1. Return the residue satisfying two criteria in turn: it lies in the stretch 225-244 and is at pLDDT below 95 and farther than 18 Å from residue 179 by Cβ, and of such residues it is surrounded by the fewest Cβ atoms within 10 Å (Cβ to Cβ).
2. Quick one: count up the residues across the stretch 1-30 that are within 22 Å of the chain's Cα centre (by Cα) and either more than 20 Å from residue 172 (Cβ to Cβ) or crowded, with 18+ Cβ neighbours inside 10 Å (or both).
3. Within the bounds of the stretch 44-58, is there any residue that is over 30 Å from residue 210 (Cα atoms), in a strand (DSSP E or B), open to solvent by 30 Å² or more (accessible area, probe 1.4 Å) and among the β-branched types (Val, Ile, Thr)?
4. Within the stretch 172-194, is even one residue aromatic (Phe, Trp, Tyr) and under 18 Å from residue 258 (Cβ atoms)?
5. Surrounded by 21 or more Cβ atoms within 10 Å (Cβ to Cβ), within 21 Å of the chain's Cα centre (by Cα), over 27 Å from residue 213 (Cβ atoms) and at pLDDT 95 or above, is that true of residue 66?
6. Could you check the stretch 179-204 and list, in sequence order, the residues that are part of a loop (DSSP other than H, G, I, E, B) and either open to solvent by less than 30 Å² (accessible area, probe 1.4 Å) or among the aliphatic types (A, V, I, L, M) (or both)?
7. Which of the following residues is over 16 Å from residue 208 (Cα atoms) and either within 16 Å of the ligand (Cβ to nearest atom) or under 23 Å from the mean Cα position of the chain (by Cα) (or both): 168, 143?
8. For the stretch 196-212, does any single residue satisfy the condition of being within 16 Å of the ligand (Cβ to nearest atom) and either within 16 Å of residue 2 (Cβ to Cβ) or modelled with pLDDT of 95 or more (or both)?
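The values are calculated or read from the model by the stated rules, or taken from the named source; none is laboratory data. The structure presented is a predicted model; accordingly, all values stated were derived computationally and were not measured. Note that we place each Cβ from the backbone using ideal geometry, even for glycine, and neighbour counts take in every protein chain shown. Ligands, DNA and RNA are stripped out before the accessible areas are found, and what is left, the full protein with its side chains, is counted by its heavy atoms. Shrake-Rupley method; radii C 1.70, N 1.55, O 1.52, S 1.80 Å.
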Amino acid sequence: MPELPEVEVTRLSFADRIAGARIVSARSGKPLRWALGCDPAQLAGRTVRAVRRRGKYLLVDLDEGLLLLHLGMSGSLSFADTLPAPGPHDHFDLATSLGVLRLNDPRRFGAVVYARSEAAPEAVKLLGRLGVEPLGEDFDPAVFHAALQARNAPIKQVLLAGDIVVGVGNIYASEALFLAGIRPTTRASRISLARATRLHAAVRDVLARAVEKGGSTLRDFSNAQGESGYFQLEAHVYDRAGLPCRVCEAPVRRIVQGQRATYYCVRCQR
Ligand SMILES: [Zn+2]
């Protein structure tokens with residue numbers, strides 16, 4: 001599943017190249033998770049202003065309205081001068097004066113949604129409950145700590161919920177909790193300011209490194225292949241059940257929380 005760093009790297013791969021493009025035509029394929037919400041023909045003639053990211057949504061700003069793109073479980077974007085005829089999993093094409101933007105999504109949990117503005121109900125429905133951006137200036141240790149105080153759920157699940165801070169997916173949550181020395185089952189409300197501050201730094205660090213790692217592969221996808229897979233970080237604990245902790249050599253433990261696998265070190269994380 002594309003996580004925040006993959007989405008950000010996808011954005012970086014085509015945002016500059018599509019800015020200023022005039023839309024020639026749009027094509028919708030099979031139904032995606034949510035409907036486009038307008039006739040694709042209406043998009044023709046509009047201009048792409050910029051591509052932003054909010055959580056795992058890409059916001060393609062047009063001179064009138066915007067498109068919200070989500071990659072779902074298996075989506076990827078391509079942007080190229082020309083693309084072959086759409087295949088069975090190519091469900092949205094935006095042909096522009098500067099190239100074709102295409103969403104390929106075999107499992108169709110992704111979506112492209114048109115909204116008249118970011119304040120319109122169709123956009124608020126998707127973006128309205130997102131927490132702060134982990135790499136942005138609004139993500140502040142004291143505010144983060146105060147928000148955790150109000151939650152009794154285990155910290156790992158609070159991170160994954162995305163309403164305090166967005167985009168900390170399963171891999172990055174396990175890794176950040178390891179770096180902060182916090183056991184994933186700890187109730188969020190019991191985390192001290194000092195530990196919340198460490199976790200805040202760890203979340204930023206792990207995500208920033210993943211973006212950097214993905215960014216270093218950008219020149220390889222000159223066709224703006226969003227097909228990134230994961231940027232394989234040197235994981236400390238994620239997917240390392242039974243293997244020695246890289247710090248203390250105790251075997252990494254795997255548990256299941258909210259139907260998601262969690263990995264942690266019993267010695268390094270308390
Ligand atoms: Zn350890």
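1. Ranking the candidates gives 229 first.
2. Counting residues in the stretch 1-30 that are within 22 Å of the chain's Cα centre (by Cα) and either more than 20 Å from residue 172 (Cβ to Cβ) or crowded, with 18+ Cβ neighbours inside 10 Å (or both) gives 17.
3. Among the residues of the stretch 44-58, at least one is over 30 Å from residue 210 (Cα atoms), in a strand (DSSP E or B), open to solvent by 30 Å² or more (accessible area, probe 1.4 Å) and among the β-branched types (Val, Ile, Thr), which makes the answer yes.
4. Yes, that holds for at least one residue.
5. When the stated conditions are applied, residue 66 passes them.
6. Scanning the stretch 179-204 gives 181, 182, 184, 186, 191.
7. 143
8. Yes, the stretch 196-212 has at least one match.
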